[in-house]
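The values are calculated or read from the model by the stated rules, or taken from the named source; none is laboratory data. Given the structure is predicted, the values throughout are model-derived calculations rather than measurements. No Cβ is skipped: glycine too gets one built from the backbone with ideal geometry, and neighbour counts run over all protein chains shown. Side chains included, ligands, DNA and RNA excluded: accessible areas come from the protein's heavy atoms. Shrake-Rupley method; radii C 1.70, N 1.55, O 1.52, S 1.80 Å.
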Amino acid sequence: RFSVKTLIDRSCFETIDDTSPEFNNFAAILEQILSHRLKGQITWFGYESPRSFWDYIRVACRKVSHNCICSIENMENVGSSRAKGRAWIRVALMEKHLSEYISTALRDFKTTRRFYEDGAIVLGEEANMLAGMLLGLNAIDFSFCLKGEGLDGSFPAVIDYTPYLKFAQSSDSISSDEEELRTLGSSDNEDSTPENIGPPFIMDENSWYNKCKRVEQKYRLALEQKGYLEELVRLRENQLSESVSQNKLLLQRIEDMDLAHKMEKEQLEYIIVELQDQLTVLKNNDLRSRQELTTHLTNQWPSPGALDVNAVALDTLLYRKHNQQWDEKSFQSLDQLSAEVSLSQSSLDPSHSQDGKQDGINLLNEGKEDTPSLLGLCGSLTSVASYKSLTSLKSSEYLASPTTEMTSPGLTPS
């Protein structure tokens with residue numbers, strides 16, 4: 001009712017078009033009324049998809065003579081269902097048939113019941129007053145562009161209640177209303193004069209009383225508006241404080257995340273450096289192990305000097321066997337034999353005096369026979385040639401009885 005009144009009041013001074021805030025507010029209110037508790041469309045899969053009030057208007061207003069339903073359906077620049085509904089409101093206002101469309105649709109109660117749920121405005125008692133309120137818009141000349149941004153169905157209709165909180169009828173509108181009353185009164189009684197209407201301002205006391213009443217009403221209205229605006233400002237301040245606190249929390253969270261990211265980055269860098277150091281140490285240890293293994297394998301083979309010492313030790317053993325000095329009981333195990341051989345080596349060590357070495361060599365030379373069988377024993381016992389020489393001597397008279405332990409390839413003097 002307020003929107004219709006403000007729209008009629010505005011039309012006394014200018015033409016109503018898409019730029020008029022009163023019309024935009026009226027269109028938003030009418031769209032909200034027609035969309036209140038509108039049922040969704042049930043698909044084959046049982047889902048409910050939302051739809052616009054244009055679906056209801058298209059079905060319920062078919063019976064209106066010379067309707068604009070087909071022309072709106074064939075509009076090229078209007079695609080969505082909501083945009084078509086908004087275009088229908090503008091076309092109906094320009095045709096001055098909006099009240100007729102609404103009354104025809106509301107009379108089709110079966111179709112209205114099919115499109116709206118219980119509790120909808122169009123199903124209540126206020127719907128009967130809707131067509132009567134829209135009847136006053138037929139006196140207004142509207143001019144709309146059906147290609148404007150107001151037909152875009154991507155944004156919802158928003159109602160601005162601010163003009164209705166501070167609504168005040170202009171003096172020109174009041175004078176026009178008084179002229180209408182006088183005109184209606186004169187049409188009823190042609191002989192009546194303006195003096196016959198009544199003396200509304202004859203008594204000064206009544207006029208002052210009425211003025212005081214109007215001032216008091218304006219004061220109360222201003223007071224209510226002031227309280228509403230203060231409450232609105234208080235609500236906005238609370239929302240602003242909450243937004244500021246949330247912003248601080250978000251900034252603190254971002255700082256904490258940055259600090260945690262930096263700490264993780266430093267830890268990863270420290271771990272990378274530590275792993276690189278460990279890898280360097282492992283490489284050095286591997287290189288050192290390779291060198292030690294190479295040195296060990298190289299030193300396993302005896303030197304030429306050691307070969308000569310082993311040969312002399314073997315000659316000493318053969319000499320003792322030849323001179324009947326081999327005591328079978330004195331060598332009960334390989335350990336004793338190894339100890340004997342090592343004794344003979346130590347006796348032939350170069351650290352001893354040159355005289356002792358010369359005596360040992362002379363002693364060996366006295367009892368040794370110059371036979372070809374001793375030519376193969378001039379090497380080390382660990383070599384393959386010495387092993388073959390030992391096996392060849394197994395059947396000879398020199399190695400007849402000692403033990404089979406000396407003929408094993410693992411028998412080497414320590």
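Those helices (runs of 4 or more DSSP H) of the stretch 66-107 in which 3 or more residues are open to solvent by 20 Å² or more (accessible area, probe 1.4 Å) and of a type in the set (D, E) are absent. Restricting attention to the stretch 62-121, the residues that are among the basic types (K, R) and more than 28 Å from I42 (Cα to Cα) total 2.
Per the listing A92, A157, A127, the residue uniquely touching a Leu at 6+ places or on another chain (Cβ under 7 Å) and closer than 30 Å to Y228 by Cα is A127. Against the numbered list (1) surrounded by 11 or more Cβ atoms within 10 Å (Cβ to Cβ); (2) at pLDDT 75 or above; (3) hydrophobic (A, V, I, L, M, F, W, C), I197 comes up short only at (2). Against the numbered list (1) open to solvent by 20 Å² or more (accessible area, probe 1.4 Å); (2) under 39 Å from the mean Cα position of the chain (by Cα); (3) more than 17 Å from L134 (Cβ to Cβ), S35 comes up short only at (3).
How many residues does the stretch 38-65 contain that are in a loop (DSSP other than H, G, I, E, B), under 42 Å from the mean Cα position of the chain (by Cα) and surrounded by fewer than 15 Cβ atoms within 10 Å (Cβ to Cβ)? Break it down stepwise before answering.
The first filter runs over the stretch 38-65 and keeps only residues in a loop (DSSP other than H, G, I, E, B), leaving 39-40, 43-47, 50-52, 61-65.
Okay, now just the ones that are also under 42 Å from the mean Cα position of the chain (by Cα), so 39-40, 43-47, 50-52.
Applying the additional criterion that residues be surrounded by fewer than 15 Cβ atoms within 10 Å (Cβ to Cβ) yields 40, 43-47, 50.
Qualifying residue count for the region: 7.
Could you tell me whether the stretch 26-37 includes any residue that is outside any helix (DSSP H, G or I), in contact (Cβ under 8 Å) with a residue 60 or more places away in the chain and within 24 Å of D118 (Cα to Cα)? Checked against the condition, which is being outside any helix (DSSP H, G or I), in contact (Cβ under 8 Å) with a residue 60 or more places away in the chain and within 24 Å of D118 (Cα to Cα), the stretch 26-37 yields at least one hit.
If only residues of the stretch 10-32 that are over 17 Å from Y161 (Cβ atoms) and acidic (D, E) are counted, the one that is surrounded by the fewest Cβ atoms within 10 Å (Cβ to Cβ) is E14.
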